[in-house]
Structures are given as C-alpha cells and as structure tokens.
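Working notes, beginning with the structure itself.
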Amino acid sequence: MILITGATGNVGREVVNLLLAEGRDVVAVSRNPATAKLPSNAQVIAADPGRPQTLATAFKGIEAVLLSPRALAGDARELVTLAASSGVRHAVVLPALTVQYGGGLRRFADEFRAIEDAVKDSNLEWTLLRSADYASNATAWIPQIQTGDVVRGAYGSARTSTVHEWDVAAVAARCLVDPAHVGQTYVLTGPQSLTQRDKVSAIGAAVGRDLTWQEVPAALMREAMLARGLPADIPDRMLGYLADCVERPGPSSCAVSEILRRPALTFSEWAIEHNAEFRN
C-alpha cells in the first residue's frame, strides 16, 4: 500500500488518481475526510501530518509514502522516524528547487532542506523531487481576470520554467512504485522559461481575450495579499523568489520528459485545461 500526505492538494490528489488507475492500494491522508472529495476506492483516513502521532497506526502495511512539505508544517523527523519504525520502505519527497539553486528568502529553502535531511538521516529509502513553481499558482489571478482585462502584479519580467502540477504528480506516482528511482534527486520544471507577462498572455489566448500586465510595486502587492487574508509566508515566498528571477531566471531541466518518456506539459496547455476557471 502507498500512503499520500497532502492528498487533497493539486499534486497529491492527482497522485491518488494515478495510482488507483494502476490498481494500487492507496491510503489518502486528510484532516477533513468528509469534505476531501477523494475517490471512493481510496482509503481515506483522518490525520494531520503536522501532528505525527495522529498517523501512529496509519503506517501499518504501508510500503511507500509521499511526503508533501506543505502538509507537514514543521519538523519532519518525528514523522519519518515513525514511518521507518513502522516498516515503511520508501519516501518520495516534494521540496522546491530553491534547495539546489537558491532564490527567494533563504529560510524557505532551509525548511525544505531540513525535511530532505530528516528523510536521508532515517532508515527510509528516498527520492527527492525538487520542483519549480507550479502552474496552479496562476489561479491567484482568477479574480482579476474574471472582472477585467488587466492583471496587476509585481516582477512581471521574472522568468521561471513553471511546471504543470500533473507532471509533478505523474513523476511522483512513478517514483513511488519503481525502485529504479531510489536515491535519486530530480529537478522538475516545465519545458519553457516564461515571464509572468508571458503567462498572462497564454491565459488570454486560452480564454479568447487580450489580457495585459500592469506592474505594481512589490510592497503594495504584499499588502494586497495580506488584506485578502493570506498568511505572510505566501507573499514572502512568492515575491521573494520572483524578485530574484528578474535578474537570474529560474533553472530548466529535462527530468520530466526523461522519466515520463513524453514531452513535459506546457503552461499554455495548463491554461487551456483551466480556461473555464478564468471566465466570468
């Protein structure tokens, strides 16, 4: 059996679907199973990876686990120690490529590295999937695009090789079942280096509208994001990384296409798939 933390997230949910389609037995972790809307053939359990003891009995019979740092919310050592002592063999971890390439505030990369180190120091076999920014981050523009043709944001010329979250999920699903990926560290990116302005244009093409970008000072963007109720970590993480990618574009890799043996999905493909969400 395979246990998925972050099972209701953009990546975790798709990993659950992919593994079930292969006929795998899946245990999906959710803090609120009643609202998780996960497939009926997944075993959904109520637990919080940020409180490892809620998973004390969940690891029985589990061979591999997907660890989402966003679901762990803190020190991972207790969780991975519990997993290893319960007989789990393999952990696939989803950190960010800033661990390897830097960019943004260092404390965020340090948090990812601490999770990586916790897994490496345990008795678990491991695979690390260091990802670029997810295409789904662009859903933050939905309210603006639904109400007008101008997207206001900071660092419009910041260039990253945004990765489709479905590609991250497909790689994670493959690594969870294929021992050939044990001990490997992969950098997962999309196939194109795009500015934020490029992404807005791609969404415009997908919805059949001429969208434009309007540059706004980063401090004002941060205030606006906080006013929407977002925790400070979100604007600090996003804006800090984008600021660095103005001068030094984020890295690109071919790992997705090499592992999946097909081209990596483009941002334009993501925009077409999600175009209904951006319409009025």
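Since every read-out is calculated from the coordinates, none of them should be taken as a lab result. Not measured: the values here are computed from a predicted model. Note: ideal-geometry Cβ built from the backbone for every residue, glycine included; neighbour counts use all protein chains shown.
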Unmet criterion (only one of (1) outside any helix (DSSP H, G or I); (2) surrounded by fewer than 19 Cβ atoms within 10 Å (Cβ to Cβ)) for V187: (2)
Considering residues of region 195-213 that are hydrophobic (A, V, I, L, M, F, W, C) and closer than 11 Å to G153 by Cα only, the residue farthest from the chain's Cα centre (by Cα): W213
Unmet criterion (only one of (1) under 26 Å from A109 (Cβ atoms); (2) in contact (Cβ under 8 Å) with a residue 40 or more places away in the chain; (3) of a type in the set (K, R)) for R228: (2)
Unique match (being of a type in the set (S, T, Y), out of contact with any Ser or Thr (no Cβ under 9 Å at 6 or more places or on another chain) and within 30 Å of A64 (Cα to Cα)) among S131, S136, S161: S136
Hits in region 43-63 - residues which are part of a loop (DSSP other than H, G, I, E, B), crowded, with 17+ Cβ neighbours inside 10 Å and over 21 Å from the mean Cα position of the chain (by Cα): A58, F59, I62
Subset of region 214-235 (residues that are of a type in the set (D, E, K, R) and either loosely packed, with under 11 Cβ neighbours inside 10 Å or more than 17 Å from S157 (Cα to Cα) (or both)): R222, E223, R228, D233
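Residue-wise test of (1) out of contact with any Pro (no Cβ under 6 Å at 6 or more places or on another chain); (2) under 30 Å from L239 (Cα atoms); (3) crowded, with 16+ Cβ neighbours inside 10 Å.
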{"position": "A83", "(1), (2), (3)": "yes, no, yes"}
{"position": "V92", "(1), (2), (3)": "yes, yes, yes"}
{"position": "T98", "(1), (2), (3)": "yes, yes, yes"}
{"position": "F112", "(1), (2), (3)": "no, yes, yes"}
{"position": "L124", "(1), (2), (3)": "yes, no, yes"}
Qualifying positions in region 64-75 - free of Cβ contacts under 8 Å to residues at least 60 places away in the same chain and part of a loop (DSSP other than H, G, I, E, B): A73, G74, D75
Residue count for region 244-267, restricted to those that are buried (at least 18 other Cβ atoms within 10 Å of the Cβ), touching a helix residue (DSSP H, G or I) at 6+ places or on another chain (Cβ under 6 Å) and outside any loop (DSSP other than H, G, I, E, B): 3
Those residues of region 91-135 which are assigned to a helix (DSSP H, G or I) and β-branched (V, I, T), in sequence order: T98, V99, I115, V119
A169 being farther than 20 Å from H274 by Cα and crowded, with 21+ Cβ neighbours inside 10 Å: no
